[in-house]
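The values are calculated or read from the model by the stated rules, or taken from the named source; none is laboratory data. Keep in mind the model is a prediction, meaning the values are calculated, not measured. Don't worry about glycine lacking a Cβ; one is built from the backbone with ideal geometry, like all the others, and counts go over all protein chains shown.
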Amino acid sequence: MTDSLRRFLEAAENKQVLGAYMTVCSRPDAAVRYINMFLMRLFGRCGGCGTCVSCKKVAEGHVDILRLHAPKAAELRDALAFAAEKPYEGAYKAIVITDADGMTPAASNSLLKTLEEPPAGVVFILSVRSISGVPPTVASRCAIVAVAPEPDARTAIARTLNVDGTQAAILADLSGGFIEEAARINADAALLNRRDDILSLSHKMLYIKGMAVSTFADYLESGKEIITAQLGMMQTYFRDILVYQKTRNDTLVINRDRLEDIRRAADDFTSGAISNMIKVILDTERRFFVAVNFRLTIEKMLFCMLEERNKWKKS
Ligand SMILES: [Zn+2]
């Protein structure tokens, strides 16, 4: 945990918060978890236990917390009206703006004055991937909270969660190196099963002739709300094949429980095919940042990948 993140959480615990914070994190989902920890500490007297009535309200919807996603200027005006009213329940109100680096300049500008002097008891929390994504005038009015993964995530995860090296590598990858997230995933059997299924489907896609794209698409659609995580699982799998092709080194493979499949694919496909497939997945992930037709986008990805397979499979 970085110093700024520790100070951020302590401030909430001690109820001595500033008017505006900006979390900076390459994994916005990880930042949101820390923001929730902050809010649970601030709104409750439990230190942020995560299970009491107050914490549940924070997680599921609290009257004094407004959450916005890359808001437009009009939404921000409503938010400022919300901030101007007294809290309904406790002593605080919070406005959380995720993807704040996706705001238009007009929207950012409408925030400036309020960020400078937020009403008493109001906390703004902006979440961005990169500080360069917002105007310096906005960033300079916020306390910057760096949310970064553990430097040696695998070792830290193996030690903290008491898991073996294989599981630690998988958890480090799925969590982006965030220990709390790794702990949550380790206890989430449904998500780990989903990973298993996705890796099996990815392998089948390489080997089963005439595999129906709709089967894979149906599966991905059944986890639509975590599509980024699902595409991440696919990406890691194909990266493993590429890494093994180039190095023949087992220890560099992340999905070590799939070593046999990975070795086989490394022998059967050209590195061009595999890197093109990875590129297709990455492009698709980017497409989901804006509203797209889920089904069409996923099917297009799978068809492109199959095309690569058919073009490049070594005979
Ligand atoms: Zn609690």
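Please work out if R248 is without any contact (Cβ under 8 Å) to a residue 60 or more places away in the chain, more than 17 Å from I281 (Cα to Cα), among the charged types (D, E, K, R) and surrounded by 15 or more Cβ atoms within 10 Å (Cβ to Cβ). Considered against the rule, which asks whether it is without any contact (Cβ under 8 Å) to a residue 60 or more places away in the chain, more than 17 Å from I281 (Cα to Cα), among the charged types (D, E, K, R) and surrounded by 15 or more Cβ atoms within 10 Å (Cβ to Cβ), R248 comes out as no.
Being within 12 Å of the ligand (Cβ to nearest atom) and of a type in the set (K, R) is the requirement here; does K86 meet it? Criteria not met by K86.
Looking across region 140-171, the residues that are farther than 28 Å from G19 by Cβ and among the polar types (S, T, N, Q) come down to T155, T160, N162, T166, Q167. Could you tell me whether region 12-22 includes any residue that is within 16 Å of the ligand (Cβ to nearest atom) and in a helix (DSSP H, G or I)? For region 12-22, residues within 16 Å of the ligand (Cβ to nearest atom) and in a helix (DSSP H, G or I): present.
For region 112-121, filtering for residues that are closer than 19 Å to A70 by Cα and surrounded by 15 or more Cβ atoms within 10 Å (Cβ to Cβ) leaves 2. Scanning region 141-148 for any residue that is surrounded by fewer than 16 Cβ atoms within 10 Å (Cβ to Cβ), out of contact with any Phe, Trp or Tyr (no Cβ under 8 Å at 6 or more places or on another chain) and farther than 18 Å from A30 by Cα turns up nothing.
Among the conditions (1) surrounded by 13 or more Cβ atoms within 10 Å (Cβ to Cβ); (2) within 30 Å of I226 (Cα to Cα); (3) within 15 Å of the ligand (Cβ to nearest atom), T51 misses just one, which is (1). Counting only residues that are among the aliphatic types (A, V, I, L, M) and within 15 Å of the ligand (Cβ to nearest atom), region 27-46 holds 4 of them.
Scan region 91-121 residue by residue and report those that are closer than 16 Å to A31 by Cβ and of a type in the set (G, A, S). Listed by number, the residues that qualify are A94, A100, G102. I need the full set of residues from region 161-178 which are surrounded by fewer than 17 Cβ atoms within 10 Å (Cβ to Cβ) and among the polar types (S, T, N, Q), in order please. Answer for region 161-178, where residues must be surrounded by fewer than 17 Cβ atoms within 10 Å (Cβ to Cβ) and among the polar types (S, T, N, Q): N162, T166.
Residue-by-condition table, conditions (1) in the same structural domain as A74 (by TED's automatic domain parsing); (2) out of contact with any helix residue (DSSP H, G or I) (no Cβ under 6 Å at 6 or more places or on another chain); (3) without any contact (Cβ under 8 Å) to a residue 40 or more places away in the chain:
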{"position": "P105", "(1), (2), (3)": "yes, yes, yes"}
{"position": "N109", "(1), (2), (3)": "yes, yes, yes"}
{"position": "I125", "(1), (2), (3)": "yes, no, no"}
{"position": "G133", "(1), (2), (3)": "yes, no, yes"}
{"position": "S140", "(1), (2), (3)": "yes, yes, yes"}
{"position": "A153", "(1), (2), (3)": "no, no, yes"}
{"position": "E180", "(1), (2), (3)": "no, yes, no"}
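Being under 25 Å from I179 (Cα atoms), within 16 Å of the ligand (Cβ to nearest atom), in a helix (DSSP H, G or I) and touching a residue at least 60 places away in the same chain (Cβ under 8 Å): is that true of L9 here? No. Residues that are in a helix (DSSP H, G or I) and more than 19 Å from D283 (Cα to Cα) within region 212-240 comprise S214, T215, D218, Y219, listed in sequence order.
Per-residue answers, yes or no, for (1) assigned to a helix (DSSP H, G or I); (2) over 22 Å from L18 (Cα atoms); (3) touching a Leu at 6+ places or on another chain (Cβ under 8 Å):
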residue	(1), (2), (3)
G50	no, yes, no
K56	yes, yes, no
R67	no, no, no
A74	yes, yes, no
A81	yes, no, no
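Just so you know, in region 54-73 the residues that are surrounded by fewer than 14 Cβ atoms within 10 Å (Cβ to Cβ) and among the charged types (D, E, K, R) include one that is farthest from the ligand (Cβ to nearest atom), and it is K72.
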